1. Looking only at Cα atoms, what is the convex hull volume of segment 153-205 per residue, in Å³?
2. So how much slack lies between Ile204 and Asn163, counting 0.36 nm per residue of separation and subtracting their Cα-Cα distance, in nm?
3. Mind listing the long-range amide H neighbours of Ala148? Cut-off is under 5 Å, sequence gap 5 or more, other chains count too, H placed in the peptide plane at 1.01 Å from N.
4. How many percent of DSSP beta bridges within the chain run antiparallel, rounded to 5?
5. Determine, for each peptide in 26-35, 182-191, 73-82, the mean count of other beta carbons within 10 angstrom over its residues, then list the peptides with the highest first.
6. Students often check this: by mean Cβ neighbours within 10 Å, which of 207-215, 14-22 ranks highest, and how do the rest follow?
7. Picking from Ile223, Ile99, Ile243, which is most flexible by a Gaussian network model of the chain using Cα springs under 10 Å?
8. Ignoring ligands, DNA and RNA, what percent of the 1.4 Å accessible area of the chain is carbon and sulfur?
Amino acid sequence: MNKKTIAYQGVRGAYSHLACNNVFPDSDSIACETFQEAMSLVEKDEAHLAMIPVENSTAGRVEEIYRLIPKMELNILDEHFEPVKHCLLGLKDSSISDIKYVSSHPQALAQCHVNITNRNIEAVAKFDTAGAAQELTSMRDKAHGAIASSLSAELYDLNILDNDFGDHHGNTTRFLILSKDILTPEYEENESYITSLVFEVRDIPSSLYKALGGFATNGVNLIKLESYSLPGSMKATQFHIDIDGHTSEKKLQLALEELKFFAKNMKQLGVYKRNSYRDIMKTFND
């Protein structure tokens with residue numbers, strides 16, 4: 001593989017495909033049916049990287065990913081925030097007044113519900129956004145439209161009838177860029193970093209409270225704490241945490257040492273630069 005290849009889940013034109021193009025414009029993107037397939041390609045050296053969505057500002061977390069990542073032999077190389085701009089697409093000779101039915105993924109339909117209702121359009125659920133756009137090209141019926149990305153319109157030669165059809169502005173998806181290699185950036189004082197890891201707590205009273213106490217006593221900020229039950233168990237719970245800091249920092253080293261006393265099966269997923277888009281979101285929310 002001379003040219004860098006990026007695997008993603010979805011049909012060509014999906015928002016994950018758009019994210020690949022925006023982050024790696026000179027690379028080849030590989031469409032996969034499932035998240036696991038995309039990640040497996042990297043494990044098998046059939047792709048250099050995987051672009052995987054983990055959460056959306058409107059729809060919440062992609063729970064499947066939090067279950068898959070700890071099982072895979074991959075590392076988080078970076079994070080990327082992709083603004084999701086839903087477009088109403090139609091055939092080349094159609095107008096917005098022609099549209100009576102619109103197809104897309106259920107989440108996209110939900111995120112455009114007000115505009116769909118106001119235009120008295122009937123929503124039709126499909127497996128994904130780009131797939132709905134691809135299917136539209138073979139229908140040749142001006143009454144049908146699709147909600148998908150601008151890239152889908154370009155790839156499938158469709159007309160963008162409304163380039164901002166979503167009900168809410170600021171809809172954003174966070175992606176993790178996964179690599180088989182461990183590429184920890186060298187610590188620089190003027191940079192901000194995130195350390196991600198997963199762990200289980202020991203079966204003792206107040207174990208989670210004690211496990212996380214080291215972060216408080218050492219002044220380390222936790223950005224995210226996700227919990228989910230392990231398959232086949234009603235008791236065991238795994239936690240995914242994103243930590244504000246680099247493992248070269250003494251205060252984080254001390255916090256992780258304390259965590260080890262009360263946690264088991266701890267696995268570091270990656271250390272990577274904190275995306276500047278987080279500061280934009282914080283300003284927007286404030």
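The values are calculated or read from the model by the stated rules, or taken from the named source; none is laboratory data. The structure displayed is predicted, hence computed values, not measured ones. Because the Cβ atoms are built from the backbone with ideal geometry, glycine has one as well, and the counts that use them run over all protein chains shown. Quick note on the areas: whole protein, heavy atoms, side chains included, nothing else; ligands and nucleic acids left out. Shrake-Rupley method; radii C 1.70, N 1.55, O 1.52, S 1.80 Å.
1. Expressed per residue, the convex hull around the Cα atoms of segment 153-205 is 316 Å³.
2. Value of the extension gain: 9.4 nm.
3. Residues meeting the criterion, in which the H sits 1.01 Å from N, are Cys87, Leu89.
4. Given both bridge residues lie in the chain, the antiparallel proportion sits at roughly 75 percent.
5. Top to bottom by mean Cβ count within 10 Å: 73-82, 26-35, 182-191.
6. In descending order of packing, they fall as 14-22, 207-215.
7. Between Ile223, Ile99, Ile243, it is Ile223 that shows the largest mean-square fluctuation.
8. About 47 percent, which is the carbon plus sulfur part of the accessible surface.
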